[in-house]
Amino acid sequence: MLNLFDIFKNKKIDFFKNKKRTSERISVKVMFKYSYDNKDYMGQLKNISVDGFGFLSSNPLESGKDIDMEVVVQCKECNEEKWVSLKEKAKIHWVSINRSNRLADYDVGCKFIEPDNEIRTKLSRMLEQILETTEK
């Protein structure tokens, strides 16, 4: 009998190998503001890296479109950067139905498209310190 799982198993593994992120994302739970199609919305940030972020949204979004996001990321335990204020443009890379949280309908992944180098450096230092403290 033909098993579809066996047929697609190797292709699925190859698919996920090509989807690796270039930088590690840090889990966060922060409300943030974003603009999409000339309207302002609120979302819950799930994770962030120097390259992009994931968030929960109650509004339908379309992959490939741009958004403007504003958020302040804070780290009380960090020695160097205690907070970083981001006001960045990002491209929506994927949108899926959120099955894990009933407070939002969509799970969204974005990549920064015009990162400010100074802000990116600050964010990188903060995320490195957060990783160091969580690994101890």
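The values are calculated or read from the model by the stated rules, or taken from the named source; none is laboratory data. Being a predicted model, the structure only gives us computed values, none of them experimental. No Cβ is skipped: glycine too gets one built from the backbone with ideal geometry, and neighbour counts run over all protein chains shown. SASA here: full protein model, heavy atoms, side chains in, ligands and nucleic acids out. Shrake-Rupley method; radii C 1.70, N 1.55, O 1.52, S 1.80 Å.
Summary of computed values
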read-out: In segment 96-112, the residues that are of a type in the set (A, V, I, L, M, F, W, C) and either open to solvent by 70 Å² or more (accessible area, probe 1.4 Å) or farther than 18 Å from residue 51 by Cβ (or both); value: 97, 103, 104
read-out: Candidate set from segment 1-26 (those that are at pLDDT 50 or above and open to solvent by 100 Å² or more (accessible area, probe 1.4 Å)); member that is farthest from residue 70 (Cα to Cα); value: 20
read-out: Check on residue 123, open to solvent by 100 Å² or more (accessible area, probe 1.4 Å) and among the aliphatic types (A, V, I, L, M); value: no
read-out: When residues of segment 81-136 are limited to those that are charged (D, E, K, R) and assigned to a loop (DSSP other than H, G, I, E, B), the one modelled with the highest pLDDT; value: 105
read-out: Test set (1) of a type outside the set (D, E, K, R); (2) within 16 Å of the chain's Cα centre (by Cα); (3) open to solvent by less than 100 Å² (accessible area, probe 1.4 Å) - residue 42 fails condition number; value: (3)
